Structure formats: C-alpha cells, structure tokens
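Only the coordinates and a few stated rules stand behind these numbers; no lab work does. As the structure is a computational prediction, the values presented were derived from the model and not from experiment. Please note: Cβ atoms are built from the backbone with ideal geometry, for glycine as well, and neighbour counts cover all protein chains shown.
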Amino acid sequence: MPKQAVIWGGGYIAVEFAGILAGLGVETTLVYRGDLFLRGFDDDVRVFTAAEMRKKGVDLKFGVTLTSVRTDGDQYQLELSDGTTMQTGLVMGATGRRALVDGLGLEELGVEFTDSGHIKVDEYFQTSVPSIRALGDVIGTPQLTPVALAQAMVLTRRLFGDGQGEMDYRHIPTAVFCQPNIGTVGLTEAEAIAAGHSVSIFMSEFRPMKHTLSGSEERCMMKLVVDKDSDVVLGAHMVGTDAGEITQGLGVAMKAGATKAQFDSTLGIHPTAAEEFVTMRQPVR
C-alpha cells in the first residue's frame with residue numbers, strides 16, 4: 001500500500017475509492033476541477049458528504065485539476081492547475097467513462113452516434129441499423145447495473161415475449177458507497193424547482209444513537225423534497241450508514257406515488273435512523 005494517494009475526479013468511483021484508501025490508512029487527497037464533487041446529486045447531500053469525508057481525513061481539493069504527472073523514483077510528482085505541486089505514491093484517475101465501441105465496425109455498418117459518442121437508439125433500443133439493438137452504458141442512459149438489466153428485460157419481452165413494455169427512468173434509486181453512504185431517489189431540490197414544482201423541503205441532521213457508544217462524530221442527514229400542491233414526495237436523499245438499504249425501500253413508496261401525509265402517518269421503527277424519514281414534520285424551507 002502507498003503511504004499517500006491522489007484520486008483525480010469527482011464522481012461515484014472517485015469518492016468511493018477515496019474512502020476505501022483513507023479507511024486503509026492511506027493519506028488520501030481527492031482533486032476535482034469543479035467547485036464541489038458529485039455533480040447531479042442534491043446540493044445539500046454534496047455539502048454534507050464533503051464535511052463528513054474531511055472528518056475521516058480525506059483532503060478534498062476543489063477547483064483544481066492535474067496538469068502533469070511524472071515519475072520520481074518510486075513516487076509521482078504532480079503539478080496542479082493552481083501552480084502547486086504534490087508528491088504521492090499512487091495516482092488514480094476516475095474522471096468519467098465513454099462508450100467503448102472503437103474497432104467494432106459500427107460506423108461502417110451505418111450505426112449513428114450521439115454528440116457525446118454514445119450509440120443513438122430509440123425508446124425500444126433500436127439503432128439506425130434495423131438488425132442492431134443496443135442498451136446499457138453505451139447508449140448514454142444512467143450508467144447503473146440495474147438500469148442495464150431492466151433495459152435487457154424490456155427488450156427481451158418486446159422481441160420474444162408479448163411485445164409490450166417500455167423503460168421508465170423516473171425514480172431510479174442509487175447509492176454511493178462512500179463513508180458514510182449516500183442513498184438517493186427521485187428529484188433533487190434544484191431539479192424539482194427547474195421542473196416547475198413549488199416545493200417544501202424537510203431535512204434533518206443528527207448523530208446516530210449508536211455513536212453515543214462508539215464515540216464516532218459521524219453524522220447522518222436526511223432530506224425530502226415535496227410538491228406543495230399535490231403533497232407528493234418528489235425526492236428522498238440520505239447520507240448515513242446503510243443509506244442504500246434504506247433508500248431502496250423508499251424507492252418503492254415513491255414509485256407508488258406516496259405523499260408526505262402518508263410518510264407522516266407511517267409509524268417509525270425505534271430506535272433506527274430510518275424512522276427520521278417518517279417523523280420530519282416541519283419544513284425547513
């Protein structure tokens with residue numbers, strides 16, 4: 001194991017590996033060009049996660065990027081865009097992915113691509129060539145294993161089953177397995193407002209009960225985005241232990257169109273962190 005490591009990037013993989021390495025005792029720095037990592041997640045989640053990661057010793061450098069990397073014996077010498085330099089034993093690039101379709105001969109067959117380099121398909125995964133279908137990460141939809149599996153099941157039913165079914169990309173639950181975990185489903189606050197919703201925001205931040213014994217200063221944050229007019233819960237977001245496990249259940253409720261009143265009328269399981277989702281009564285904004 002290296003004594004120091006630099007993670008270059010700000011998405012799922014960068015954040016998760018920063019936590020892994022720091023947890024193994026490596027002095028870990030995450031370098032990201034933007035003002036805040038985890039673009040596309042709710043802003044309160046992003047800010048809270050950054051604070052929790054710093055508590056665990058991860059050095060977060062935002063607003064800078066790597067401009068050069070060169071070997072220096074068994075180390076790497078890095079230059080950053082702000083003019084500073086760093087020395088480290090490991091550099092890990094986690095700066096995003098592109099569709100790996102080079103060399104397949106798709107252009108020669110007439111398969112069309114989007115401006116982002118993904119294979120262009122219709123809602124039934126049909127490419128511009130009648131005999132070729134495409135799905136998964138290469139078509140530019142959310143790059144998540146369950147999404148690709150669901151797409152494959154839709155395509156299978158249409159080709160070999162009853163010919164029915166289509167993909168629904170609303171309310172896709174997802175998790176980031178950093179420390180503490182992130183779980184999220186539905187719209188962020190910014191997305192809800194951009195979509196024209198008038199929203200109420202319910203949020204709670206607390207130290208989980210078990211840490212009164214463990215001594216850990218790790219905190220948990222939960223947030224609900226609610227449409228004021230219909231009372232429908234538009235988004236549920238959590239940072240805390242087992243956030244992915246908890247969010248999976250919330251995804252079922254939101255897929256069914258659950259309202260805030262239905263959340264409020266549900267009894268909590270005590271003592272759990274998850275009960276906070278059904279006991280947040282007063283909006284913070």
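Table for the structure above
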read-out	value
Of Lys3/Lys56; Lys55/Lys210; Lys120/Lys255; Lys210/Lys260; Lys56/Lys210, those spanning more than 26 Å from alpha-carbon to alpha-carbon	Lys120/Lys255; Lys210/Lys260
At most 14 other Cβ within 10 Å, DSSP loop - GluC sites (Glu not before Pro), region 127-217	Glu166, Glu217
Fraction of the pair-distance distribution of region 4-93 above 14 Å, Cα-Cα pairs, percent	62
Length added when fully stretched, Val47-Asp59, from 0.36 nm per residue minus Cα-Cα	2.9 nm
Highest-MSF residue in the chain out of Met53, Met254, Met92 [GNM, Cα springs under 10 Å]	Met92
For region 96-110, 3J(HN,Hα) per residue [Karplus equation, 6.51 cos²θ - 1.76 cosθ + 1.60, θ = phi - 60°, Hz, x = Gly/Pro]	x, 10, 10, 5, 8, 10, 4, x, 8, x, 5, 4, 5, 7, x
Among Leu187, Leu80, Leu109: highest mean-square fluctuation, GNM of the chain, C-alpha pairs under 10 Å	Leu109
Packing rank of 193-200, 229-236, where each peptide gets the mean count of other beta carbons within 10 Å, highest leading	229-236, 193-200
MRE, 222 nm, helices only [DSSP H, n ≥ 4, -39500 (n - 2.57), over the chain, to nearest 500]	-7500 deg cm²/dmol
Computed FRET value (nearest 0.05) for Arg285 with Gln262, which takes r as the C-beta separation and R₀ as 22 Å	0.50
Using θ = phi - 60° and Karplus 6.51 cos²θ - 1.76 cosθ + 1.60, couplings along region 16-26 (whole Hz; Gly, Pro as x)	5, 6, 4, x, 4, 5, 4, x, 8, x, 7
Unit charges on C-beta of K, R, D, E only; dipole of region 1-141, Debye	420
GNM result for the chain, Cα springs below 10 Å: residue of Glu275, Glu108, Glu218 fluctuating most strongly	Glu108
For region 10-31 versus region 183-219, the gap between their alpha-carbon centres in whole angstrom	22
Average silhouette area of the chain, convex hull of alpha-carbon atoms, in square nanometres	19.4
Proxy reagent accessibility, fewest Cβ within 10 Å first, across Lys3, Lys260	Lys3, Lys260
Estimated distance in nm for a label pair at Met209 and Asp35, the labels positioned 7 Å out from Cα along Cα-to-Cβ	3.9
Dipole in debye (nearest 20) - region 106-160, about Cα centre, beta carbon charges: Lys, Arg +1; Asp, Glu -1	340
